[in-house]
Amino acid sequence: MTTPLTTRFLRQIAASGPITLAEYMATCLGHPEHGYYSTRDPLGRAGDFITAPEISQMFGELIGLCLAQCWLDQGAPDPVALIELGPGRGTLMADILRATRGVAGFHAAARVHLVETSPTLRAVQAQTLAGHDPVWHDTVDSLPAMPLLVVANEFFDALPIRQFERDPGGWRERLVGIQDGALALGLADAAPLAALDHRLEDTDPGDLVETCAPATAIAAMLGARIAQHGGTALLIDYGDWRSLGDTFQAMADHAPTDPFAAPGTADLTAHVDFEALARAASPAQHTRLTSQGVFLERLGITDRARALAKALRGDALETHISAHRRLTHPDEMGSLFKVLGLYGPNQSPPPGLSA
Ligand code: SAH
């Protein structure tokens, strides 16, 4: 299907040559008029994908209590910025706020800040979080200078990546060009790349490596703020300690699709390279990368699931049981999704994670 973005890309590439995958991805997702996130609410059963907070309230409740415990462990700073990156429908933040109502002084100290580029989703977040006076930001750069508690769920996977194929002569970047009148991937000439020097150790010619410059810039900014003012960040996403291989994917209507077929109409993501985030966040400390299933079990999801189950019958009970399984089981989201914690130089790691 030809979309307005297909025409735009074909014209641009014909005029000035192939573009990086990062430029392609950023335009497809964020173009103000025709971008995927700018034009729709893609979340939930009726959308293109469903995320952990949309599966069950337990996810946000446990994250909320984890962050509130970090706040207490850090001496209950007032004010503290409670920040979410890429809040979607605002469900996760709403669950965090509901679960922490009983933590003495927490709501009085917490100021809610949301980093969100999509006007459509900002409008949904304003409704979900009415009464909590959120402050929106286009980027992390304008976040306030104070102790911070940050959560990002399925945010980093939406940031634009570049792909490089190892070659005896250096690295060949995969670029989006035109083949037979359609958008297609090609390879640039080999060149050395200082940013990938550390990957010469663990790759061979032919291997593909991904980089995500916006992700490392955001992690560096969070790390610097946490090191200076104190705080915690919980970064939750699919990915691994080190990226290897092609993880670029397009999803539409809960199924994989060709990322170049109808630009602007599918969600484009890539796995997160957590080592790159941890390195960039120094001098903040980072935890061990922990699977979502283990993290939620350590925070007590099974007890919480049992307590909620008591009030449920029939279909509602079945849905609840399968939600618990989806969030934690290794065959579902339990091991594909990982959690990386960032915390201050003299602090202890967040509950559920280890140094
Ligand atoms: N965290 C939510 C939503 C995940 S979808 C959940 O778990 O349900 C990704 C979110 O990140 C959306 O809100 C999207 O609009 C936002 N987003 C994507 N790219 C962004 C960027 N570059 N800057 C800020 N927000 C972005």
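When a/c is below 1.5 the answer is rounded, else prolate if a/b is larger than b/c, else oblate, so apply that to the chain with a ≥ b ≥ c taken from the square roots of the Cα gyration tensor eigenvalues.
Prolate is the answer for the chain, as a/c is 1.5 or above and a/b outweighs b/c.
Tally the DSSP beta bridges in the chain and give the antiparallel ones as a percent, rounded to 5.
Among the beta bridges of the chain, antiparallel pairing accounts for roughly 60 percent.
Picking from 302, 211, 265, which is most flexible by a Gaussian network model of the chain using Cα springs under 10 Å?
302
Among 160, 345, 205, whose mean-square fluctuation peaks in a Gaussian network model of the chain (Cα, cutoff 10 Å)?
Among 160, 345, 205, the largest GNM mean-square fluctuation belongs to 205.
What number, in percent, do you get for the relative contact order of the stretch 88-226 if the mean sequence gap of Cα pairs under 8 Å and at least 6 apart is divided by its residue count?
21
Taking the chain as a Gaussian network, where each spring joins two C-alpha atoms under 10 Å apart, which residue of 135, 209, 80 fluctuates the most?
Looking only at 135, 209, 80, the largest GNM fluctuation is found for 135.
Looking at 76, 217, 340, which one has the Cα that reaches farthest to the positive end of the dipole of the chain (charges on Cβ: Lys, Arg +1; Asp, Glu -1)?
Comparing the listed Cα positions along the dipole, 76 ranks first.
Give me the percent relative contact order of the chain, please, defined on Cα pairs under 8 angstrom at least 6 residues apart.
Reported as a whole number, the value is 20 percent.
Between the stretch 20-67 and the stretch 164-193, how many Å separate their Cα centres?
Spelled out, the Cα-based centre of one part sits 29 Å from the other.
Local charge sum around residue 282 (other residues, Cβ-Cβ under 15 Å, Lys/Arg +1, Asp/Glu -1)?
For residues surrounding residue 282, the net value is +1.
Helix check for the chain. Which DSSP H runs span at least 15 Å along their own axis by Cα, with a mean Kyte-Doolittle hydropathy no less than -1.0?
Both cut-offs are met by 4-16, 57-73, 213-229, 314-328.
Counting pairs of alpha carbon atoms under 8 Å apart in space and at least six apart in sequence, what relative contact order in percent does the stretch 131-189 give?
18
Helix-derived [θ] at 222 nm for the chain: sum -39500 (n - 2.57) over DSSP H runs of at least 4, divide by residue count, nearest 500?
When only DSSP H runs of four or more count, the value is -10500 deg cm²/dmol.
For residue 200 paired with residue 98, estimate the spin-label separation in nm (one decimal), with each label point 7 Å from Cα along the Cα-to-Cβ line.
5.4
Using r as the Cβ-Cβ distance of residue 315 and residue 254, and R0 as 22 Å, what FRET efficiency do you calculate, to the nearest 0.05?
Efficiency for this residue pair is about 0.60.
Every number here is computed from the coordinates shown, using simple stated rules; none is lab data. Since the model is a prediction, treat every value here as computed from it, not as a measurement. Ideal geometry is used to build each Cβ from the backbone, glycine not excepted, and the neighbour counts take in all protein chains shown.
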